[in-house]
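The structure appears right after this line, and notes come after that.
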Amino acid sequence: MTRAVTWTHPEPFTPSTATRVGEALRDFLKAEKIAAAPVIVGIGRDRIFLKELRFPPIAAHEEANLVRFQTGKEMVESVENYAIDYVYLKNGSTDRQVMTVAARRDLLAMVQKVCQAAGLKLHAVTPKLFGMPLALALAVQPDPTPLAPKKLNVVLNLGQRWAELCFFKGDRLLQAQALQNGPLLAGEIKRNLAVFQAQSAVNIDLEGPDALYVFGDDAAVMENLQAGQHLPVRQLDPLKPEAGLAAKPAHFAGAVGLAALWASPDQPPVNLASPKRTQAPVSAIQQRGVLYGSAAAVLAVFLIGLMVYGLSTKRGEIERLTMDRAKYERRLIDTAQERAEVDAYLEWENTTVPWLDEMYDLTARYPWEVGVRVNQFAALHSTAPKQKGAKAWPIGKITLSGIAPPSKDSLIDKLQKTLMEDPHLRVERGKSKYDKAVVEYPLKIDIVKQDAAKYEMRLIVPPRPKTVVVEAPPEEKKVEDPMPDDDEKKKTIPDPDDGGQR
């Protein structure tokens, strides 16, 4: 314990003044430099209802309702106006014994208002009586006699205008009386002692009492008590273990006992701020159901979160694609003229035949023989539309007709075969006309677009035969013949390059 101070609030503690009392308490704590902390409020005997109850063992979830029902039968007011809690006196297999405590709900509301106005957190509201056995044990150290299980202890707690007389069997509360601190106090104590001893005379489990323990420092009251009854009076100081704390002893007996009670690891004490409540029975099936339900709920939350994330991702992707589409549409509009020009160029490029390359390749493939020649040659662009699904279509057409000696007609078949081996040509030989001297043949060649790099044919010209020029002797010239020209003086041989005489 680090501090012990007393404070007299400026006005009576009522529902209408509770907030102002709390504000005054806040100012007092601030002036004393006491930090805010959880609060345990001890209330006096005159503000609570005490009752000892016995009942057979019942299910745990029904016990709170039974205690509340049994307590309500002893009250003159409706039990709904009270907060009820209880502590076990005996929890056996054959019967149970509890001490039930009831306090008005408006009193608890007043305490709550005081704590809120003072900036304090209400931890518990409990009777001071339950802290008296521990305060007595601390005050009589190192004497262990009052703590004996069968020892009857009579404890009087004195205040400025109030007094509480308590009877304990060891640390178990048997009876408590609220008294007035005045001239008649000694007589009231003597009468209560006599009545209690008469009622418990047949109880062989009680021993004593040996003294009247008093928490108080009023000399006149102590003198009257010593003269008014037969038990020796023993004045105690609850702050005896805490040297150096100056305060009135009686005011702190309950507080010291409650602090020790809440620090004990034993069963929880009475707490009217959070009383025991009825609990539904818990079964293994229900627990499994709750577990499976929780797992399903977590899974559902995870799946929903995953779906929300997926939807948000898709929405973001849709927005991005929409923006890209708008950007590309603007770009298409801005580049419409350029695209039209490019499309026109591509159309021209895809439908234009490189006639020089085609004529060169045809010349390279044509038979290089005397008497085999071309009489007519025509090259035209194709006007046939592109067929749907076709990968290639004719873009040009060559028609030619030629003549060849009948003995060399096979060369024309060989030419057709050679042309058909080229994948970008479609060759068709028309009906030939046969004569004794020559064979007239027609050829139709359809041309498909081909890359310029594939025109790899090389024209190989056979070497020309040597030409011998012979001059006629002068004496052999005939007079009747006209004078030939100089060119006719030369005798020539057939030249395959031009298919004629040279």
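The values are calculated or read from the model by the stated rules, or taken from the named source; none is laboratory data. Quick caveat, the model's predicted, so the values are computed rather than measured. For neighbour counting, all protein chains shown are included, and Cβ atoms are generated from backbone atoms with ideal geometry for every residue, glycine included.
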### Single residue of Gly254, Gly244 found to be touching a Lys or Arg at 6+ places or on another chain (Cβ under 6 Å), assigned by TED's automatic domain parsing to the domain that holds Glu52 and either at pLDDT below 90 or aromatic (Phe, Trp, Tyr) (or both)
Gly254
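Just name the residue that is surrounded by the fewest Cβ atoms within 10 Å (Cβ to Cβ) out of those in region 401-417 that are assigned to a helix (DSSP H, G or I) and hydrophobic (A, V, I, L, M, F, W, C).
First, the residues of region 401-417 that are assigned to a helix (DSSP H, G or I): 406-417.
From what is left, the residues that are hydrophobic (A, V, I, L, M, F, W, C) are 411-412, 415.
Numbers: Leu411: 17, Ile412: 20, Leu415: 21.
Filtering first and then ranking leaves Leu411.
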### Task
Being crowded, with 16+ Cβ neighbours inside 10 Å, in a helix (DSSP H, G or I) and at pLDDT 90 or above narrows it down to one of Asp361, Asp357, Asp446, so name that one.
Asp361
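Could you list all residues from region 162-171 that are acidic (Asp, Glu) and either part of a loop (DSSP other than H, G, I, E, B) or surrounded by fewer than 20 Cβ atoms within 10 Å (Cβ to Cβ) (or both)?
Asp171
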### Query
Taking helices (runs of 4 or more DSSP H) that do not extend beyond region 48-161, which have at least 2 residues that are more than 49 Å from the chain's Cα centre (by Cα)?
60-72, 132-139
### Task
For region 311-331, indicate whether the set of residues that are outside any helix (DSSP H, G or I) and either more than 23 Å from Met420 (Cβ to Cβ) or touching a helix residue (DSSP H, G or I) at 6+ places or on another chain (Cβ under 6 Å) (or both) is non-empty.
no
### Query
Out of all the residues in region 151-162, which are free of Cβ contacts under 8 Å to residues at least 60 places away in the same chain and over 18 Å from Leu231 (Cα atoms)?
Gln160, Arg161
### Message
Pull out all pairs, ordered by first then second residue, where Cβ-Cβ is under 6 Å, the residues are six or more apart or on different chains, the first lies in region 444-467 and is within 14 Å of Trp355 (Cβ to Cβ) and among the polar types (S, T, N, Q), and the second is modelled with pLDDT of 85 or more and in a loop (DSSP other than H, G, I, E, B).
### Response
Gln450/His424
### Test result for Leu184, within 14 Å of Ala163 (Cα to Cα), assigned by TED's automatic domain parsing to the domain that holds Leu165 and modelled with pLDDT of 85 or more
yes
### Message
Looking at Ile460 and the list (1) assigned by TED's automatic domain parsing to the domain that holds Tyr366; (2) surrounded by fewer than 10 Cβ atoms within 10 Å (Cβ to Cβ), which single condition is not satisfied?
### Response
(1)
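Condition check ((1) more than 60 Å from the chain's Cα centre (by Cα); (2) at pLDDT 85 or above; (3) loosely packed, with under 14 Cβ neighbours inside 10 Å; (4) charged (D, E, K, R)) across all residues:
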| site | (1), (2), (3), (4) |
| --- | --- |
| Ile189 | yes, yes, no, no |
| Ala194 | yes, yes, yes, no |
| Ser200 | yes, no, no, no |
| Gly208 | yes, no, no, no |
| Asp218 | yes, no, no, yes |
| Gln229 | yes, no, no, no |
### Query
Considering region 335-374 alone, what residues qualify as being of a type in the set (Gly, Ala, Ser) and farther than 22 Å from Leu425 by Cβ?
Ala336, Ala340, Ala344, Gly371
### Task
Scan region 26-44 for residues that are closer than 14 Å to Gly257 by Cα and either assigned to a strand (DSSP E or B) or basic (Lys, Arg) (or both) and jot them down.
Ile40, Val41, Gly42, Ile43
### Message
Of the conditions (1) over 14 Å from Pro275 (Cβ atoms); (2) at pLDDT below 90, Asp106 satisfies every one except a single condition; which number is it?
### Response
(2)
### Task
Scan region 1-26 for residues that are of a type in the set (D, E, K, R) and touching a helix residue (DSSP H, G or I) at 6+ places or on another chain (Cβ under 9 Å) and jot them down.
Glu11, Arg20, Glu23, Arg26
### Query
When the residues of region 260-296 are filtered to those that are at pLDDT below 80 and of a type in the set (Gly, Ala, Ser), which remaining residue is nearest to Asp171 (Cα to Cα)?
Ser264
### Query
Could you say which residue among Tyr345, Tyr360, Tyr328 is of a type outside the set (Asp, Glu) and assigned by TED's automatic domain parsing to the domain that holds Asn375?
Tyr360
### Query
Under 6 Å by Cβ, and 6 or more places apart or on different chains, what pairs join a residue from region 297-322 that is at pLDDT 95 or above with one that is surrounded by 10 or more Cβ atoms within 10 Å (Cβ to Cβ) and not in a helix (DSSP H, G or I)?
none
### Message
Yes or no: region 337-353 includes at least one residue that is surrounded by fewer than 11 Cβ atoms within 10 Å (Cβ to Cβ) and either within 30 Å of Ala404 (Cα to Cα) or touching a Phe, Trp or Tyr at 6+ places or on another chain (Cβ under 9 Å) (or both).
### Response
no
## Note on the structure
Ala340 fails exactly one of (1) hydrophobic (A, V, I, L, M, F, W, C); (2) assigned by TED's automatic domain parsing to the domain that holds Ile445; (3) farther than 22 Å from Ile447 by Cβ, namely (2)
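Let's see how each residue does on (1) in contact with a Pro (Cβ under 6 Å, 6 or more places away or on another chain); (2) at pLDDT below 90; (3) surrounded by fewer than 22 Cβ atoms within 10 Å (Cβ to Cβ):
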site	(1), (2), (3)
Asp85	yes, no, no
Leu89	no, yes, yes
Gln112	no, no, yes
Ala117	no, no, yes
Gln141	no, yes, yes
Lys150	no, yes, yes
Leu156	no, no, no
Leu173	no, yes, yes
### Query
Considering only region 426-456, how many residues are among the hydrophobic types (A, V, I, L, M, F, W, C) and either more than 21 Å from Arg373 (Cβ to Cβ) or not assigned by TED's automatic domain parsing to the domain that holds Met359 (or both)?
4
## Note on the structure
Across region 418-434, the tally of residues that are among the hydrophobic types (A, V, I, L, M, F, W, C) and part of a helix (DSSP H, G or I) stands at 2
### Task
Six or more apart or on different chains, Cβ under 7 Å: which pairs go from a residue in region 400-423 that's within 18 Å of Ala364 (Cβ to Cβ) to one that's among the acidic types (Asp, Glu) and surrounded by 13 or more Cβ atoms within 10 Å (Cβ to Cβ)? Could you list them?
Leu411/Glu369
